[in-house]
1. If you find the alpha carbon centre of the range 289-364 and of the range 450-469, how far apart are they in angstrom?
2. At q = 0.15, 0.21, 0.22 Å⁻¹, what base-10 log of I(q)/I(0) does the Debye formula yield for the range 298-425 when every alpha carbon is treated as an equal point scatterer in vacuo?
3. Using θ = phi - 60° and the Karplus curve 6.51 cos²θ - 1.76 cosθ + 1.60, what whole-Hz ³J(HN,Hα) does each residue of the range 74-82 get, with Gly and Pro shown as x?
4. Sum up the charges of everything whose Cβ sits under 10 Å from the Cβ of Glu248, counting Lys and Arg as +1 and Asp and Glu as -1, but leave Glu248 out.
5. Which residues' amide hydrogens lie under 5 Å from the amide hydrogen of Ser19, considering only partners 5 or more residues apart or on another chain, with H built in the peptide plane?
6. Quick one: dipole size for the chain, taken about the Cα centre, charges +1 on Lys/Arg Cβ and -1 on Asp/Glu Cβ, in debye to the nearest 20.
7. Please name which of Asn3, Val372, Ala84 has its Cα lying farthest along the dipole of the chain towards the positive end, using unit charges on Cβ (Lys, Arg +1; Asp, Glu -1) and the Cα centre as origin.
8. How big is the convex hull of the Cα atoms of the range 385-478, per residue, in Å³?
Amino acid sequence: MYNPMMIIDGRPVLASDGSVHKILNPATGELVGEVPSGGRQEAHQALTAASRAFPAWAATSPGKRADVLHQAASLVRELADEMAVMLTLEIGKPLRASRREVLGSADVLDYFAEEGKRAFGEWTISGAGKSRSLVIRQPIGVAALISPWNYPVDLLSWKVGAALAAGCTAVAKPSSMAPIAASAFIEAINRAGAPPGVINLVLGPGSTAGAELVESPLSQKISFTGESATGRWIMAAAAPRLKRLSLELGGSAPFIVCADADVKSAAEACVQRAFNNAGQICISVNRVYLHHDVEEEFMELAIQRAGRLRVGSGMEDVDLGPLASEEQRKRTREHIEDALSRGARLRLGGSEPEGEQYSRGHFFLPTILDRVDHSMRVMREETFGPVMPVMTFKNLEEAVRLANQTEYGLAAYAYTNSLDAAVYLAERLESGGVGINSNNVVDLQAPFGGWKQSGFGRELSHHGLEGYLELKHVKIGL
Ligand code: NAD
């Protein structure tokens with residue numbers, strides 16, 4: 001059993017009214033842990049602590065802040081095996097994916113520790129030479145860091161690493177669905193020597209604890225990752241105080257396979273990105289567009305490859321764990337039923353796996369549909385489940401039109417061996433990240449974020465650090 005506590009001003013804290021929230025293993029239904037369920041009061045206390053800690057942390061040299069972050073990264077690496085088990089038990093993902101996630105979060109802390117030292121200024125001589133313009137970057141203030149359940153440690157590390165390196169203090173609020181490993185992550189940073197109040201942890205519902213973090217005058221920056229609907233609410237709630245915002249929201253990534261592509265590697269990459277984390281990734285492949293000429297070969301390879309994926313408890317050697325919740329499974333089923341009722345063809349999966357070992361978890365088989373069109377929910381909404389819907393196109397122009405026919409714009413992928421086609425697609429696809437012959441748009445050194453209703457603001461890279469800094473022009477008269 002895991003029973004983390006909130007961390008406010010460096011101290012462990014329970015909910016003031018004693019409320020707790022139970023975390024159940026999505027593979028077995030068994031109790032994994034109980035976490036305190038805080039609300040507005042705890043969020044307010046955490047923001048107060050972060051506000052108190054801000055002036056000293058902002059004045060701490062980037063090198064000293066880096067020491068704390070590097071120390072925290074080492075501690076997270078030491079705890080990686082233990083934290084990976086927590087992640088798998090609370091959210092279901094296969095253990096090796098959990099371990100990769102935890103180790104990745106340590107790399108993020110190391111990266112931002114060093115990037116924080118490079119928040120350079122500028123110095124210019126004014127027109128008449130009688131003054132100088134100094135431009136400096138300063139931390140915004142207290143940041144509210146609100147994260148989702150699908151990558152609870154990794155996505156939180158993107159925010160915490162950048163905020164602390166920039167000199168902001170922060171309150172982290174992980175999702176109530178997956179708070180255990182995220183709590184261990186924040187605890188590690190506190191144990192690594194972050195002064196009390198620099199990074200606080202509040203656990204509780206978004207509607208109370210999260211809303212207070214957004215609405216309170218004590219937070220100056222909100223960095224949110226989650227659903228587009230929640231993002232819209234946050235933007236409206238932050239508007240009265242014109243708070244600085246980064247919104248990393250939903251996605252509906254197209255995967256285009258051109259006539260000249262290496263079809264084998266495209267099929268492998270597509271299956272991997274569609275079914276990794278059981279499809280519960282904002283940059284998951286949601287819509288596949290195949291050139292007519294490659295349809296048959298691609299489908300055969302993809303069905304074979306996906307058919308070999310092993311489904312089971314994340315504690316075993318599997319490729320797909322259960323979905324994180326029954327709600328996820330219900331939506332997946334509904335999207336498939338809707339597509340089939342409108343003429344789609346089921347090529348693989350389409351149901352829960354059979355067997356006693358699956359009876360208590362939210363398992364679902366990798367599913368491939370073809371003959372889909374844009375009238376179907378699976379092509380218009382984010383399924384966030386293991387479904388790969390496929391349709392065909394005749395030329396690049398049509399591929400781009402179909403790919404861009406969505407309110408989202410987070411990631412897009414295209415496979416081609418033509419340089420001209422690669423440039424044509426890269427320049428026309430409307431999304432924050434485009435993978436050309438790559439099924440990943442995440443890289444520590446490159447900006448990650450959305451266009452259109454996938455949000456705005458960028459995480460990772462030096463652009464991610466900028467999100468926690470304000471520019472100041474200091475004009476010096478001579
Ligand atoms: P969600 O919007 O339900 O919740 C995200 C977080 O917001 C949770 O911590 C929740 O408690 C909090 N929250 C909810 N209501 C709030 C409110 N009124 N005020 C403040 N906080 C509130 O999202 P989820 O279901 O946890 O995550 C899945 C979604 O996240 C998917 O849409 C997915 O595409 C998206 N996502 C986006 C990215 C990205 O980088 N763009 C990455 C991962 C997930």
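1. 32
2. -0.80, -1.30, -1.36
3. Per-residue couplings from phi come out as 4, 5, 4, 4, 4, 8, 4, 5, 5 Hz.
4. Net local charge, Glu248 excluded: +1.
5. Here Ser37 satisfy the definition.
6. Charge dipole, the chain, about its Cα centre: 1700 debye, nearest 20.
7. Asn3
8. 172
Every read-out reported here was derived from the displayed coordinates using simple, explicitly stated rules and does not represent laboratory data. Computed from a prediction, not measured in an experiment: that's the story for all the values here. Please note: Cβ atoms are built from the backbone with ideal geometry, for glycine as well, and neighbour counts cover all protein chains shown.
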